[in-house]
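The values are calculated or read from the model by the stated rules, or taken from the named source; none is laboratory data. Given the structure is predicted, the values throughout are model-derived calculations rather than measurements. Ideal geometry is used to build each Cβ from the backbone, glycine not excepted, and the neighbour counts take in all protein chains shown. For the accessible areas, the whole protein counts, side chains as well, though only heavy atoms, and no ligand, DNA or RNA atoms are used. Shrake-Rupley method; radii C 1.70, N 1.55, O 1.52, S 1.80 Å.
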Amino acid sequence: MFELATVKLSLPEDPRYLDMSYAEQGPLPEEMRNLDQLSEKDRKLALEFYQSLASDFRYNEYLRGCLNCGVCTSSCPAAKFYDFGPREMIQYMMRGEYDKIYEFTNEKVWACVQCYTCSMRCPFNNEIAGLIMLLREYAVKFGLESAKQILAPYRRILLTVLTTGNQVTPDMIQPETFADWGPQALEESKNMDVYRKAIPVDLMQRTDIGWHASLQTAVELMTIMIEAGVIESLKNIDKDLYDMIIDIYEERKQFLEEIKEKYQKGELNEEELPDSWLDL
Amino acid sequence: MESSVEQNPEREMERAFPNDLDWEEIYQRVIYKYSSPHGIQHIKELMYKLEDKGEIIVQHIKPSNNPVEYQTINGNPKKIPTTKLWNHKSCGQCGHIPGYPTSVFWIMNKLETDYVDEPHQTSCTGWNYHASGASNPVALAGVMVRNFWRAYEIDYYPLIHCGTSFGHYKEIRNMLILHDEVRQKLRPIMRKLDMDIVIPEEIVHYSEWLYVNSKRAASHKRYDLSEIKAAVHTPCHVYKLVPDDTIYDPIVYQGRRPAAPTGTVINFGAKPVDYSTWWDCCGFGFRHILTEREFTRSFALFKKVVPAVEEANADVFVTSDTGCVTTLDKSQWVGKAHGYNYNLPVLADAQFAALAMGADPYKIGQIHWHATDVEGFLRKIGVPIQEYKEQFIQYLQDIKEGKAETEFLYKPHRKIDFYLALPDRVQYERPQ
Ligand code: SF4
Ligand code: SF4
């Protein structure tokens, strides 16, 4: 932590470095809360991180100017509950303070709830919520510690979304994990099978998936995720998950090709297909 | 130790604002994106130029979609197709609020709308992206275009169920149109799937569809809502993400708030009531609702439910997105631990409308998946809830024992449809 009295900053002459964020000008500013100085090793990584970020085609488009007015932070839901505020991030970006951007990414960026209120209100038209997504995307790409921690409890969900294209499953609402939703919300978990069976849409009758996508769709989705490099970027975060997804892909792809071939030759007997490929 | 910024500020300035970037080009892009009132207009002009050059396929809204025209916040026209619709599903709705999509289909059946609901789609994957950051522009665009392709090839117009999918697709559409480099990377991937880059002329949310049909739908109304005070939460991703691409109407707060879903509530004869945090987020947070609910519960309760009840005496909360229904509905019970026992019923606009039109609250509205007191609300408007409940319990029992079949809203798919996306599928997928 910073001690107000001992903070000594030597400011360059550039006027963009002079603003409310320095200790001399007031009480401990948010820029200094929870951010420590980086070690030499981290500084190098921070610079690399920033350079990749700043060379992304969206960065300069999303980052315009900043009045330092705080309109963004004043309406930010996350700022009401966390040590977090978008104004702070934009200020670091305006000044190219790569070390602070890096620290912000590790300590604070995951607090944002992606409501886009800041983006709509910013008088300078910064696409603030989009810049936050850029930081998160690059945190995953760089395999940063904060991304690993955040994604650890999220693993099952990642597997579901990357292999089926559905984010959540009906059967994930279980008393032990969702007790705070109350007894009424958990009622269905007891007899999930029959409650799902009673939904009047055939695609929505399973308990382990929101809707039953076709096999071809699942394979196509995974092809996109692989070709666009999403699966590859998981390697740094969770190697087991990466391996699992690739295995699933190979199996499904082969199965799909067999079915397609039979169909094209007119040899496919629909009756012989398993009731659901999800059960395989 | 001096940082490199301090050692060499000029070089760091260079890094922050590189000279080798084409700033003129970036500036033009930003103008297109933001300059009010022409933002979306410019995107559309560019879209048609790309179409003329054969760079993309645009799926047009046709007379067979029977479109109506409304205005966006900037007064620009937005066409809303009303029939021949391809329902683009929402993962969270289908997973945890099944009565949301079933209400949409039920209303469509009632209004004799032509639609398909098919298994050849994934979610937009936007929930995952905003939660985890584990994706990238090309992948997000690929997911969107793959889904749109399936609608395009059978000539049905995409209608997007989820608010996040809607906002997210508007953003990705803009990105695809503005950035050649994304198209260049995406094209070979789509070719691998025997598809091309297709973009619909308008990105349309079902809440817009419901609003433009709400007078017609309300003519089928069975219960009187004139005593009902409805607090409305307009979902952030519907109107804050690409703000100039959703419809407004002077009947809704003089056109100062989005037309949907408030306009639907008005056209159904209920009273929309105002509260000071109407503009605030619900607290969903994407990742927060799953793995950091301390925030979600507190925000939903104190920033939304408490003001809606204390300031506006609301009888019901009406909203129009997956995440908002889930958050507002599921975050109330836990407040009891601290003496906050509000139990304000939460419904999607489609459920609100379908229930008022006389849909079965359990078989169609699927209100038993809600945590708040929806039954109490229905009793208030005169729905014989006990009767429906007894019938439903019997129905569940019969299904369980194999004595009854599920009463489907449209003909179930063939087995092959769960495997392959066949060109002849549309003949089998239309409602009966
Ligand atoms: S609202 Fe915009 S201009 Fe104001 S502080 Fe935030 S980013 Fe800067
Ligand atoms: S998008 Fe994030 S930073 Fe912006 S207002 Fe919402 S929570 Fe705050």
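Observations on the structure shown:
- Tally of residues being open to solvent by less than 50 Å² (accessible area, probe 1.4 Å) and either within 25 Å of A:SER214 (Cα to Cα) or in contact with a helix residue (DSSP H, G or I) (Cβ under 7 Å, 6 or more places away or on another chain) (or both) across segment B:389-413: 7
- The set of residues in segment B:117-133 that are hydroxyl-bearing (Ser, Thr, Tyr) and either within 14 Å of B:CYS162 (Cα to Cα) or open to solvent by 10 Å² or more (accessible area, probe 1.4 Å) (or both) comprises B:THR122, B:SER123, B:THR125, B:TYR129.
- Set A:THR164, A:THR169: member being at the interface with another protein chain (Cβ under 7 Å from one of its Cβ atoms), of a type in the set (Ser, Thr, Tyr) and open to solvent by 10 Å² or more (accessible area, probe 1.4 Å): A:THR169
- B:LYS304 surrounded by 21 or more Cβ atoms within 10 Å (Cβ to Cβ), among the basic types (Lys, Arg) and either within 14 Å of chain A (Cβ to nearest Cβ) or under 22 Å from the mean Cα position of the chain (by Cα) (or both): yes
- With respect to the conditions (1) among the hydrophobic types (A, V, I, L, M, F, W, C); (2) more than 19 Å from B:HIS60 (Cα to Cα); (3) at pLDDT 95 or above, B:MET175 falls short on a single one, namely (3).
- Meets criteria (open to solvent by 10 Å² or more (accessible area, probe 1.4 Å), more than 23 Å from B:ILE160 (Cα to Cα) and assigned to a helix (DSSP H, G or I)) for B:VAL334: yes
- Residues of segment A:125-152 satisfying the condition of being more than 7 Å from chain B (Cβ to nearest Cβ) and within 16 Å of ligand 1 (Cβ to nearest atom): A:ASN126, A:GLU127, A:ILE128, A:ALA129, A:GLY130, A:LEU131, A:ILE132, A:LEU134, A:LEU135
- The residues on offer are A:LEU45, A:LEU53, and the sole one that is buried (at least 22 other Cβ atoms within 10 Å of the Cβ), hydrophobic (A, V, I, L, M, F, W, C) and more than 16 Å from ligand 1 (Cβ to nearest atom) is A:LEU53.
- Options B:PRO361, B:PRO384; residue that is open to solvent by 10 Å² or more (accessible area, probe 1.4 Å) and not basic (Lys, Arg): B:PRO384
- All positions within segment A:153-173 that are closer than 21 Å to A:GLY229 by Cα and either touching a helix residue (DSSP H, G or I) at 6+ places or on another chain (Cβ under 7 Å) or within 16 Å of ligand 1 (Cβ to nearest atom) (or both): A:TYR154, A:ARG155, A:ILE157, A:LEU158, A:LEU159, A:VAL161, A:LEU162, A:THR163, A:THR164, A:GLY165, A:ASN166, A:GLN167
- Candidates are the residues of segment B:414-432 that are open to solvent by 20 Å² or more (accessible area, probe 1.4 Å) and part of a helix (DSSP H, G or I); the one that is nearest to A:TRP211 (Cα to Cα) is B:PHE418.
- Pairs are defined by a Cβ separation below 7 Å, a sequence spacing of at least 6 or placement on different chains, a first member in segment A:112-130 that is among the basic types (Lys, Arg), and a second member that is within 6 Å of ligand 1 (Cβ to nearest atom); the pairs so defined are A:ARG121/A:VAL71; A:ARG121/A:CYS72.
- With respect to being crowded, with 23+ Cβ neighbours inside 10 Å, facing another protein chain (nearest Cβ under 7 Å) and small (Gly, Ala, Ser), B:SER90 falls outside the description.
- Within segment B:169-189, the set of residues being surrounded by 22 or more Cβ atoms within 10 Å (Cβ to Cβ) and more than 10 Å from every other protein chain (Cβ to nearest Cβ) comprises B:TYR169, B:LYS170, B:ILE172, B:ARG173, B:ASN174, B:LEU176, B:ILE177.
- Here A:TYR82 meets the list (1) away from ligand 1 (no atom under 11 Å from the Cβ); (2) more than 16 Å from B:PHE299 (Cβ to Cβ) almost entirely, failing just condition (2).
- For segment B:256-264, the condition holds for at least one residue, the condition being that it is away from ligand 1 (no atom under 16 Å from the Cβ) and more than 21 Å from B:ALA353 (Cα to Cα).
- In the set (1) surrounded by fewer than 24 Cβ atoms within 10 Å (Cβ to Cβ); (2) within 11 Å of ligand 1 (Cβ to nearest atom), A:GLU103 fails one condition alone, (2).
- Residue within segment B:185-208 that is of a type in the set (Ser, Thr, Tyr) and free of Cβ contacts under 8 Å to residues at least 40 places away in the same chain present: no
Residue-by-condition table, conditions (1) buried (at least 24 other Cβ atoms within 10 Å of the Cβ); (2) in contact (Cβ under 8 Å) with a residue 12 or more places away in the chain:
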site	(1), (2)
B:GLU69	no, no
B:THR72	no, yes
B:PRO77	no, no
B:THR113	no, yes
B:PHE166	yes, yes
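- A:LEU159, sole failed condition from (1) within 30 Å of A:VAL219 (Cβ to Cβ); (2) within 10 Å of ligand 2 (Cβ to nearest atom): (2)
- Residue among A:LEU186, A:LEU203, A:LEU221 that alone is in a helix (DSSP H, G or I) and in contact with a Cys (Cβ under 9 Å, 6 or more places away or on another chain): A:LEU203
- Considering segment B:228-264, and only residues there that are closer than 24 Å to B:THR326 by Cβ and of a type in the set (D, E, K, R), the residue that is least open to solvent (accessible area, probe 1.4 Å) turns out to be B:LYS240.
- Test: A:THR223 is closer than 23 Å to B:ARG187 by Cα, among the β-branched types (Val, Ile, Thr) and either surrounded by fewer than 20 Cβ atoms within 10 Å (Cβ to Cβ) or not assigned by TED's automatic domain parsing to the domain that holds A:LEU162 (or both): yes
- Some residue of segment A:57-66 being of a type in the set (S, T, N, Q) and either more than 8 Å from ligand 1 (Cβ to nearest atom) or in a helix (DSSP H, G or I) (or both): yes
- Residue that is farthest from ligand 2 (Cβ to nearest atom) [pool: residues in segment A:56-74 that are more than 8 Å from chain B (Cβ to nearest Cβ) and farther than 12 Å from A:PHE124 by Cβ]: A:ASP56
- Boolean, B:ILE160 is without any contact (Cβ under 8 Å) to a residue 24 or more places away in the chain and either under 23 Å from B:GLY75 (Cβ atoms) or open to solvent by less than 10 Å² (accessible area, probe 1.4 Å) (or both): no
- Selection over segment A:116-150 of residues that are open to solvent by 10 Å² or more (accessible area, probe 1.4 Å) and part of a loop (DSSP other than H, G, I, E, B) gives a count of 7.
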